[in-house]
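This report concerns only the one structure given below.
Since every read-out is calculated from the coordinates, none of them should be taken as a lab result. What you see is a predicted model, and the numbers here were worked out from it, not measured in a lab. Don't worry about glycine lacking a Cβ; one is built from the backbone with ideal geometry, like all the others, and counts go over all protein chains shown.
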Amino acid sequence: MESRTKSVTKFPPVEEQLEAILRGAVECYSAEDLKKRLTASRESGKPLRVKLGLDPTAPNIHIGHTVVLGKMRLFQDFGHTAVLIVGDYTAMVGDPSGKSKTRKSMTEDEVNAAAKTYFDQVGTVIDVKKAEIRRNGEWFSKMSFGDVMRLAGRITVARILERDDFAKRYANQTPISLHELMYPMMQAYDSIAIEADVELGGTDQTFNLLMGRRLMEDSNLKPQICLTTPLLPGLDGVEKMSKSLGNTIDVFDPPDEMFGKTMSIADSQMRNWFTLLTRIPMAEVEILLDPKQTNPRMSKDRLAQEIVARYHGPDAAKKASEEFARRFRDKGLPTDIPTHKPSGAIVPIVDLLLEVGFSASKGEARRSIEQKGVRLIDEKASADGEVIADVNAKIETRKGLILRLGKHRYVRFS
C-alpha cells in the first residue's frame with residue numbers, strides 16, 4: 001500500500017491531465033483509451049512514452065509548429081517521457097502529406113545541418129535535455145532488404161491509397177513514387193521501435209498516426225493513442241501559417257516584432273490563439289473574450305504578452321507592450337531601432353534584405369517586395385516612408401535612412 005501511495009503522487013490527477021491534453025485537440029483515438037492509459041500510469045508510477053516525429057526540413061519554426069510542440073511539453077510537465085524522433089531516414093524520403101507532387105529528398109548532410117538549427121528552436125518549447133531523442137536511422141539502417149519487404153507485406157496498396165493526397169494524385173494521374181508510398185509505413189514502424197503509448201501530430205498527419213496504431217496491433221503491441229492538433233491559421237486568419245505566405249510569427253522573432261504581429265490578428269482569431277498557444281484557464285479566456293467584461297484591445301494585449309513571455313520572458317513581454325502602446329499613441333517609430341552598416345553606398349534591394357537579416361533567401365526577399373511589405377523611411381520627411389515595389393531596385397543606403405519590413409521590423413543605416 002505504501003508503494004502505491006508514492007506512485008500516485010508522481011503525476012497530477014487523471015482528470016486534470018486529460019482536460020489539459022484534450023484542450024484544443026481535433027481528434028483523440030481514443031479519449032477513453034487515453035484516460036485508461038493515464039490511470040494505469042498514475043497507479044504504477046510509470047510515465048507514458050509520448051512520441052513526436054520531426055523531419056527537420058524547415059529552417060525556421062513558427063508558432064504554428066508550437067501547437068503540437070506545446071502538447072508534448074504539457075506531457076513532459078505532467079511527468080511523462082517525451083520521445084522526439086529525428087526523421088533522418090524519413091526526411092530522405094520526404095513526407096508527402098498534403099503535397100500534390102513528389103517532394104525533394106534531403107541528403108544525410110542536409111538533414112544533420114537542419115537538425116541542429118531545428119533543435120535550437122524546438123528547445124524554446126520542449127525541455128530537450130529531459131527528452132529522449134532518437135533517429136529513425138537507428139533501426140532502418142540495420143534492416144536488410146528482406147526485412148523491408150516483410151514489413152511492406154503487412155500493408156496493402158489499397159490501404160495506402162485511402163490517404164486523401166495519394167488518392168487525388170492517383171485520380172489526376174500525377175506521378176507517385178514508390179518510396180513515397182513507404183513513408184506512412186516508416187513513420188508507423190517508428191512507433192513500434194520506441195513502443196509509443198501516445199503519438200502527437202497535426203491533422204495532416206492523421207493517416208500516418210493511425211497507420212502506426214494499426215501496425216502496433218498487428219505486432220501484438222498495445223496500440224498507441226493518436227492525438228491530433230489543428231493547423232494554426234496565419235496572421236491573415238485565412239491561409240495556414242506558412243513562411244512562404246509571409247504570415248508567420250517565428251519563435252526567434254524579436255519581442256517587439258512578435259508582440260506587434262500578434263496585435264495585428266483579427267479578433268475572430270483570438271479564441272483559437274488563446275486556446276492553442278496559452279495555458280490560461282478557459283474560464284478566464286471566456287472573460288477575456290467577453291467585450292462587456294474586458295476591453296478587446298486589452299484582451300489582445302494579454303494574448304500578445306503571453307506569447308512573447310513564452311519565448312523571451314515576462315520582462316521582455318511587458319516592455320514590448322509598453323513600446324507598442326507608445327507607438328500606437330504617438331504614431332511614431334520605435335525608440336530602439338537596431339543599426340546596420342551597409343556593404344555599399346548603393347545596394348540591390350534583394351541583397352540588402354539578406355544583408356540586414358530580414359530574409360533568409362533571395363526568393364523570400366522577392367516575395368516580401370512583391371507583397372509590398374518593404375519600405376524605405378526618411379523620418380525627416382515621413383514616418384511611413386516609401387514602398388519598394390521593384391525587385392530590381394537599387395537602394396541608396398545613406399546614413400540615418402530606415403528600412404522597414406512589414407509593420408514591425410526596422411533597421412537604421414549607420
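Taking a temperature of 25 °C and a viscosity of 0.890 mPa s, what whole-number D in µm²/s does Stokes-Einstein yield for the stretch 2-229 with Rh from Kirkwood over alpha carbon pairs?
134 µm²/s
Determine, for Ile287, Ile63, the number of other Cβ atoms within 10 Å of each Cβ, and report the residues in order from fewest to most.
Listing Ile287, Ile63 from fewest to most nearby Cβ atoms yields Ile287, Ile63.
For Lys292 and Lys407, FRET efficiency with R0 = 22 Å and r from the beta-carbon atoms, rounded to 0.05?
Values: r = 30 Å, r/R0 = 1.35.
The pair Lys407/Lys292 has a calculated efficiency of 0.15.
So, how do all the Cα-to-Cα distances of the chain break down into 20 Å bins, in percent, from 0 on up?
23, 51, 24, 2
Across all directions of projection, what mean area in square nanometres is found for the Cα convex hull of the stretch 339-413?
Numbers: hull surface 17.1 nm².
Projected over every direction and averaged, the Cα hull of the stretch 339-413 covers 4.3 nm².
Say each of Asp378 and Gln173 gets a label point 7 Å from the Cα, pointing the same way as Cα to Cβ; how far apart are those two points in nm?
Each label point is offset 7 Å from its Cα along the Cβ direction, giving 6.0 nm.
Mind checking the full-extension length gain between Lys399 and Asn272? Use 0.36 nm per residue of separation minus the Cα-Cα distance, one decimal, nm.
Working it through step by step, the gained length comes to 41.4 nm.
Give me Met263, Met282 ranked fewest to most by other Cβ atoms within 10 Å of their Cβ, as a rough exposure proxy.
Values: Met263 18, Met282 12.
Fewest-to-most ranking of Met263, Met282: Met282, Met263.
Given the options Val50, Val128, Val148, which has the most mean-square fluctuation in a GNM of the chain, springs set between C-alpha atoms less than 10 angstrom apart?
Fluctuation is largest for Val148.
Which ordering of Cys28, Cys226 is given by a fewest-first count of other beta-carbon atoms within 10 Å? Please report the intermediate quantities before stating the final value.
Values: Cys28 18, Cys226 25.
Result, fewest neighbours first: Cys28, Cys226.
In the calculated pair distance distribution of the stretch 210-343, what percentage of Cα-Cα distances lie above 19 Å? Intermediate results must be reported in sequence, preceding the final value.
On the way: 5394 of 8911 pairs.
Value for the stretch 210-343 (Cα pairs over 19 Å): 61 percent.
Enter the angle in degrees (range 0 to 90, nearest 10) between the Cα long axis of helix 66-77 and the first principal axis of the Cα atoms of the chain, meaning the one along which they spread out most.
For 66-77 against the chain, the angle is about 60 degrees.
How high is the relative contact order of the chain? Use alpha-carbon pairs under 8 Å, at least six apart in sequence, and give a whole percent.
14 percent
Under the definition of Cα pairs under 8 Å and six or more residues apart, what whole-number percent is the relative contact order of the stretch 339-413?
36 percent
So what are the ³J(HN,Hα) numbers for the stretch 110-124, from phi and the Karplus equation (6.51, -1.76, 1.60; θ = phi - 60°), rounded to whole Hz, Gly and Pro as x?
Using θ = phi - 60°, the values come out as 5, 4, 5, 5, 5, 4, 5, 4, 4, 6, 4, 7, 4, x, 6 Hz.
Within the stretch 168-212, what residues put their amide N at less than 16 Å from the label point 7 Å along the Cα-to-Cβ vector of Ala40?
Those under the cut-off are 192, 195-199.
Using mean Cβ contacts within 10 Å as the protection proxy, how do 186-192, 43-49, 83-89, 352-358 order, highest first?
Values: 186-192: 24.4, 43-49: 17.0, 83-89: 22.7, 352-358: 20.4.
The most tightly packed comes first, giving 186-192, 83-89, 352-358, 43-49.
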